[in-house]
Every structure is written in structure tokens, then in C-alpha cells.
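Q: One structure, pasted below without further comment.
Where a number appears in this text, it was derived from the coordinates with a stated rule and is not lab data. Note that the structure is predicted; figures quoted are calculated from it, not measured. Reconstructed Cβ throughout: ideal geometry from the backbone, glycine too, with neighbour counts over all protein chains shown.
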Amino acid sequence: MVKIENLSKSFGGKKVLSGFSHTFKSGSFTAVMGASGVGKTTLLSIIDGRTAPDGGRLETSGRVRTVFQTDRLLPWFTVYENIEPVCRDSETIDAVLKKLGIYGEKDKRPGEISGGQRQRANIARALCARPDILLLDEPFSALDADTAKAAADVIKEYMNGGTVILVTHSADAANYLCDEIIWLKEIT
């Protein structure tokens, strides 16, 4: 669960979030949508602790993992070695990689696989960590429609009972994966 009350954040005098309140319940899959610059990624970075809010209250229960829009794999490790620090269970890692369709790439380094395969490796790493709260920042942008749908199905399976917050510009992804959509608007 993620409970937010009256959250605010500004950058260089520009308010990005002001008075934002919402409870993301356990078991919920919520999309956060809106134009570029309205605070979607900022909201995720506040939830996962990378950015401090200017005001308001945030309460999370459980482990939080984030899948970023850009790939965060360590280039000198293989796909498998990038996941292993968060999950020592090789059966779980192999199962998730198979379901995401990248098991055959597990011994390759990020520079040896495509951008879509790297993004699925990022998703695999987050899921193998068994988070209670999964934050997804445009996780399907490097994937074709069928691969994105398949990856969303794996996320649904592994996050059943957990809290998922998806930042996306894709109405298709939001409607397929999420039960609820929140629209952020620019603060004037």
C-alpha cells in the first residue's frame, strides 16, 4: 500500500505536484497518466525515496522496486548476473526469464541484446526481488505491442496482491494492465 496526503514538489520555482493525495491499495494496479512535465516520474521518485517532497505525507508498506524507462543494467554483468543480487533462487530467475521470453539471453551482457530485451531484463530483476510495491516508469516503451502485452501478463501474475503504479503515455497499456487511471494535470 502507498498512502499519499497533500504531497507537493517544486523544481526551480515551478510546482510539479501540489496537494496530491491518493491511496494506492494493496492489490491495486493504477496508471498515472498526463502530459510530459506534470510530475508523473517525480511522483514515482518520491515514492521510492530518490526525491524528497517539499511537503505532505507519504506512507508505504513493504519493499519497493522501480523499473525505469531507461535501462539500468550493469554492462559488465550478464543478464543473469544483473538479477542474481536481488534473488539467489536460480529457479525463480529462470522461470521469470522464460516467461518474459529472454531466457536464451541470460548469459549475454546488456550490450549484446536489444533494447527491448534489456527492458524485459529490468522487469525480470524487479519481479525476482519480490516487491510489495512495483513502480513502472514507461516500462513498455521499447517493446512492440505483443511483447508489451506478454510482459504485462507476467507482471500481473507475479504482482498478484501487490501494489503496481504504472506511469505511461499509452492508453492501451493503462487499460490492459490497470484497474484505475489517475490523470495528472499541469499546475498553473
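Q: Beyond 31 Å, what percent of the Cα pairs of the chain remain?
A: 17
Q: Please report the relative contact order for the chain, taking Cα pairs under 8 Å with a sequence separation of at least 6, and give it as a percent rounded to a whole number.
A: For the chain, the relative contact order is 33 percent.
Q: Which pairs in the list Lys9/Lys156; Lys9/Lys185; Lys149/Lys185; Lys108/Lys156; Lys40/Lys98; Lys25/Lys99 are over 22 Å apart, alpha-carbon to alpha-carbon?
A: Lys9/Lys156; Lys149/Lys185; Lys108/Lys156; Lys40/Lys98; Lys25/Lys99
Q: Now, a different point. Report ³J(HN,Hα) in whole Hz for each residue of the stretch 134-142, in order, from the Karplus equation J = 6.51 cos²θ - 1.76 cosθ + 1.60 where θ = phi - 60°; Gly and Pro get x.
A: Karplus values, whole Hz, x for Gly and Pro: 10, 9, 10, 10, 6, x, 9, 5, 9.
Q: Kindly write out, for the stretch 159-173 in residue order, the coupling ³J(HN,Hα) from the Karplus curve 6.51 cos²θ - 1.76 cosθ + 1.60 (θ = phi - 60°), rounded to whole Hz, with x marking Gly and Pro.
A: 9, 4, x, x, 10, 10, 10, 10, 9, 7, 9, 8, 5, 4, 5
Q: Using θ = phi - 60° and the Karplus relation 6.51 cos²θ - 1.76 cosθ + 1.60, list the HN-Hα couplings for the stretch 68-76 in order, rounded to whole Hz, with x at every Gly or Pro.
A: 7, 5, 9, 6, 10, 7, 7, x, 8
Q: When DSSP assigns beta bridges and you keep just the ones with both residues in the chain, what percent turn out antiparallel, to the nearest 5?
A: In the chain, approximately 40 percent of DSSP beta bridges are antiparallel ones.
Q: Report the local net charge at Gln119: Lys and Arg +1, Asp and Glu -1, summed over other residues whose C-beta lies under 13 Å from its C-beta.
A: Here the count lands on -1.
Q: Can you give the extra length, in nm with one decimal, that the chain gains between Glu112 and Lys14 once fully stretched, where that is 0.36 nm per residue apart less the Cα-Cα distance?
A: So the extension gain works out to 31.2 nm.
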